[in-house]
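The values are calculated or read from the model by the stated rules, or taken from the named source; none is laboratory data. Since this is a predicted model, take the numbers as computed values, not measurements. Counting neighbours? That spans all protein chains shown, and the Cβs are built from the backbone with ideal geometry, glycine included. We work out accessible area using only protein heavy atoms, side chains counted, and drop any ligands, DNA or RNA first. Shrake-Rupley method; radii C 1.70, N 1.55, O 1.52, S 1.80 Å.
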Amino acid sequence: MQTTMEAACEAARAGGKILREQLGRAAVREKGPADLVTDADIASQHAIEQILTARFPHFAFLGEESTEQDRQAARDSGKPLWVVDPLDGTANFVHRLLSFSVSIALVEQDQTRVGVVYDPMLDVLYAAEAGGRVTKNGKPIRVSGCQQIDKAMVCCSFRPGVNREDPEVENFLRILERSQSLRRLGSAALNLCYVGEGCLDSYWATSVKAWDVAAGYLIAQTAGATLSQMDGSAFDLWNPKFVASGSPELQKIMLGCMY
């Protein structure tokens, strides 16, 4: 019988295969202003759900492309819960920018127990278990340990349709002035993995959803990242407005820069 980690890895690769096959071919529509969904999102989620529910039929399933009613029912069930983003970085996918991922987490009592993020274009799989190992293609990873913002490579996520009056833009400009470099890469799941492996030194986001970050959060945390909500309180999976950094010292500086 497969472990939950083995099933999550199998499902992530199955979803990623669909994304590779449909890159440049999938039909696109808007869920909301500048918020895209494609046939590939739907097909990837279907393949993932089939695998996970077959292996663990007594678990609940919550996917980005599920209906709001189904997502709420999954949360209310009290069962172990698969939290899935079948295509994190849809705008990148639509524009054939090769930075997107599949994110799968197993959540119990609001805590992520298993997290898997798969980059299908690079064939890179990040995986972590609560209280256990964190790996990139089977090899351990660790945060950078960077303590100074002027030496830090930082990343952020903006909401679709952000405008210049948004406080997030002020945060961006403040960090842009102080950091060594600032990026907006397009996949929250991958961004957290990059913090976990030390490619990024810090990452913040206020407009993402649980399915974007449930797996990446565990990967970054297990790799040694310091994570908290923007106000310094404990990370909230269901309301993720957070900063993640490669050291407590850098985290303190980052939080001090935020509104």
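Kindly list, by first and then second residue, each pair from a residue in the stretch 71-95 that is on the phi > 0 side of the Ramachandran plot and open to solvent by less than 60 Å² (accessible area, probe 1.4 Å) to a residue that is aromatic (Phe, Trp, Tyr) and not in a helix (DSSP H, G or I), limited to pairs with Cβ atoms under 7 Å and residues at least 6 apart or on different chains. Close Cβ pairs (under 7 Å, with a partner that is aromatic (Phe, Trp, Tyr) and not in a helix (DSSP H, G or I)) amount to GLY89/PHE100.
Against the definition (open to solvent by less than 60 Å² (accessible area, probe 1.4 Å), within 23 Å of GLY216 (Cα to Cα), touching a Pro at 6+ places or on another chain (Cβ under 7 Å) and in a helix (DSSP H, G or I)), how does LEU19 come out, yes or no? The answer is yes for LEU19. The C-beta contact set for the stretch 27-54 (first residue of a type in the set (A, V, I, L, M), second residue open to solvent by 60 Å² or more (accessible area, probe 1.4 Å), distance under 7 angstrom, 6+ apart or interchain) comprises ALA27/ASP39; ALA34/PRO160; LEU36/VAL28; LEU36/GLU30; VAL37/ARG29; VAL37/LYS31; ILE51/GLU10. Among the residues of the stretch 201-216, the ones that are open to solvent by 30 Å² or more (accessible area, probe 1.4 Å) and in contact (Cβ under 8 Å) with a residue 60 or more places away in the chain come to 2 in all.
Scanning the stretch 152-168 for residues that are within 17 Å of ALA220 (Cα to Cα) and open to solvent by 40 Å² or more (accessible area, probe 1.4 Å) yields one hit, MET153.
In the stretch 28-54, the qualifying residues are those that are over 18 Å from ALA105 (Cα atoms) and acidic (Asp, Glu), and the one that is nearest to the chain's Cα centre (by Cα) is ASP35.
For the stretch 169-201, enumerate the residues that are among the small types (Gly, Ala, Ser) and over 14 Å from the mean Cα position of the chain (by Cα).
Quick first cut of the stretch 169-201, residues among the small types (Gly, Ala, Ser) only: 179, 181, 186-189, 196, 198.
SER179, SER181, GLY198, listed by residue number.
Being under 27 Å from VAL124 (Cβ atoms) and open to solvent by 30 Å² or more (accessible area, probe 1.4 Å) is a property that does not hold for GLN251. For the stretch 232-251, which residues satisfy the criterion of being touching a residue at least 12 places away in the same chain (Cβ under 8 Å) and of a type in the set (D, E, K, R)? Those that are touching a residue at least 12 places away in the same chain (Cβ under 8 Å) and of a type in the set (D, E, K, R): LYS241, GLU249.
When the stretch 169-196 is filtered for residues that are surrounded by fewer than 20 Cβ atoms within 10 Å (Cβ to Cβ) and closer than 26 Å to ALA105 by Cβ, the ones remaining, listed by number, are ARG183, ARG184, LEU185.
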